[in-house]
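To start, the structure itself, in structure tokens.
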Amino acid sequence: MSYPQEIQNIQNSFKTAMNLSGSPGEVSTSPTDSFMNSLPHRTSVSKQTKALKPFSTGDIKILLLENVNKGAVDILTNQGYQVEFHKTSLPDDELIEKIKDVHAIGIRSKTKLTEKILKHAKNLVVIGCFCIGTNQVDLEYAAKIGVAVFNSPFSNSRSVAELVIAEIISLARQLGDRSIELHTGTWNKVSSKCWEVRGKTLGIIGYGHIGSQLSVLAEAMGMHVLYYDIITIMALGTAKQVSTLDELLNKSDFVTCHVPATPETKNLLSIPQFAAMKDGSYVINASRGTVVDIPALVQAIKLGKIAGAALDVYPNEPAKNGAGLYCDQLNPWTSELVSLPNVILTPHIGGSTEEAQRAIGVEVSHALLKYINEGSSIGAVNFPEVSLRALDLDQENTVRVLYIHKNVPGVLKTVNNILSDHNIEKQYSDSNGDIAYLIADICDVNQSDIKDIYDKLNATPYRISIRVLY
Ligand SMILES: NC(=O)c1ccc[n+]([C@@H]2O[C@H](COP(=O)([O-])OP(=O)(O)OC[C@H]3O[C@@H](n4cnc5c(N)ncnc54)[C@H](O)[C@@H]3O)[C@@H](O)[C@H]2O)c1
């Protein structure tokens with residue numbers, strides 16, 4: 001393509017992305033994404049590596065349920081795999097029928113992969129949870145039958161951080177209340193106790209994926225950032241780590257929680273912590289429902305100690321969407337909480353954006369590919385994490401042996417005896433509880449050697465499953 005033509009194409013894409021020529025009602029994705037996706041693909045200049053394939057790629061069957069993101073479907077289909085896509089979860093009997101001969105299954109939170117279901121999966125190698133949690137899978141049983149499970153715990157960090165930024169400004173300006181009032185016909189123009197966020201201090205509890213993203217965004221708005229974490233973490237920008245939770249509470253105008261749910265973080269913010277906070281400060285929790293003691297928060301707001309709160313998570317949350325589900329039967333303090341001023345309540349939507357869904361789709365499908373094609377289990381939640389560097393293109397007669405086995409003494413001796421007729425170019429092994437996983441690259445092997453290696457490893461008493469990639 002000539003250079004001016006390329007510029008012209010980019011300009012056209014830009015116009016389309018900005019919706020300049022589209023109809024007013026046309027649904028568009030974010031302009032930046034559309035624009036970036038329309039740019040010509042760059043050719044990779046990195047060193048070419050040998051593509052390892054399990055066997056004929058067309059034979060790999062992947063079952064994708066619950067409307068996983070289209071990006072994931074495309075990535076897996078483009079590999080040449082047979083992808084079966086369903087918008088919903090399947091009833092158990094249908095799932096059992098389908099899981100019998102698939103090599104990989106992709107689910108979200110509704111499909112329960114219990115032992116009862118998984119024991120029918122004769123060819124299953126890997127499960128992809130296209131979501132954050134993995135409670136819906138019997139992880140222990142999956143590991144026991146040599147099936148690795150992957151998820152995407154951090155793809156929505158940015159979405160949560162952006163929601164918290166919105167909440168900081170909304171609380172400072174009492175936006176929720178003004179909006180509800182106007183929706184019900186009340187004009188109430190006030191400036192008393194409404195603030196700019198510039199120059200105020202944000203206290204972040206938990207400086208992990210979300211807390212640190214938030215730190216950068218908050219500083220860009222002119223806020224000072226303090227953070228408290230149980231481990232020492234390098235500050236981003238001019239944020240400052242404090243050594244006690246009390247110091248953070250004493251000095252912050254906004255306190256936001258970004259910690260996991262652990263016994264230590266249960267009611268991390270309760271009566272003593274609210275008492276230690278500045279008068280008229282704000283509380284935000286988009287982490288887990290157990291972290292803030294909500295009845296104590298209700299009292300602190302009623303006393304005027306806390307000027308407002310934004311909550312996205314609750315100790316008990318409804319399992320599905322619907323009217324009337326957020327009520328006192330769910331959590332006994334609900335009606336008291338909803339009647340308070342300047343309290344923003346959202347239904348666990350911190351990570352719920354199109355971008356996060358797409359990022360989850362890409363991350364999990366790549367994890368599936370890396371595991372199917374290369375044996376890399378990095379990021380698996382139920383499995384030893386093992387990986388070997390890729391093979392070079394010219395390594396024609398090298399095979400990769402993947403041996404999942406019981407974690408008992410004597411395995412390596414037996415396995416290396418079997419492999420010892422060949423040059424083991426590299427090898428890595430690790431264990432996690434009762435399960436261990438070994439990867440080895442073996443040079444100078446021909447077709448009959450491959451069969452011989454496979455049969456001998458298959459006959460070992462420790463074997464859980466074997467794959468040979470070449
Ligand atoms: N609202 C949502 O939709 C949504 C979406 C994604 C994540 N989350 C939740 O947000 C929370 C944070 O997620 P993340 O991805 O940033 O996690 P992360 O693991 O990256 O970071 C958590 C941080 O908390 C720190 N920490 C742990 N215990 C602590 C304690 N007692 N005191 C202080 N710091 C402590 C850890 O050291 C770590 O730095 C998690 O609970 C996660 O489940 C919510």
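The table that follows gives values for the structure above.
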read-out: Mean projection area, nm², convex hull over Cα of the chain; value: 29.1
read-out: Relative contact order [Cα under 8 Å, 6+ residues apart], the chain, whole percent; value: 14
read-out: For the chain, calculated [θ]222 nm from helices alone, where every DSSP H run of n ≥ 4 adds -39500 (n - 2.57); value: -9500 deg cm²/dmol
read-out: Inter-centroid distance (Cα atoms) of region 205-280 relative to region 342-419, Å; value: 33
read-out: Cut-off 18 Å (backbone N to label point 7 Å along Cα→Cβ of residue 67), residues of region 111-153; value: 111-112, 130-132
read-out: For region 105-167, alpha-carbon Rg relative to the globular expectation (2.2 N^0.38 Å, N residues); value: 1.38
read-out: Label-to-label distance, nm, for residues given as residue 345 and residue 116 (7 Å Cα→Cβ offset); value: 3.5
read-out: Sorted peptide list for 210-220, 392-402, criterion being average Cβ within 10 angstrom, highest first; value: 210-220, 392-402
read-out: Segment residue 101-residue 219, extension gain: residue separation times 0.36 nm, minus the distance between their alpha carbons; value: 37.3 nm
read-out: Between region 57-102 and region 125-202, the Cα center-to-center distance that results, in Å; value: 29
read-out: Global form of region 149-259, assessed from the alpha-carbon gyration tensor, a/c cut-off 1.5; value: oblate
read-out: Net charge dipole size for region 399-469 [Lys, Arg +1 and Asp, Glu -1 on Cβ; Debye, nearest 20]; value: 220
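Every read-out reported here was derived from the displayed coordinates using simple, explicitly stated rules and does not represent laboratory data. Every value quoted in this text rests on a predicted model; they were computed, and no experiment measured them. Every residue, glycine as well, gets a Cβ built from its backbone with ideal geometry; the counts of neighbours run over all protein chains shown.
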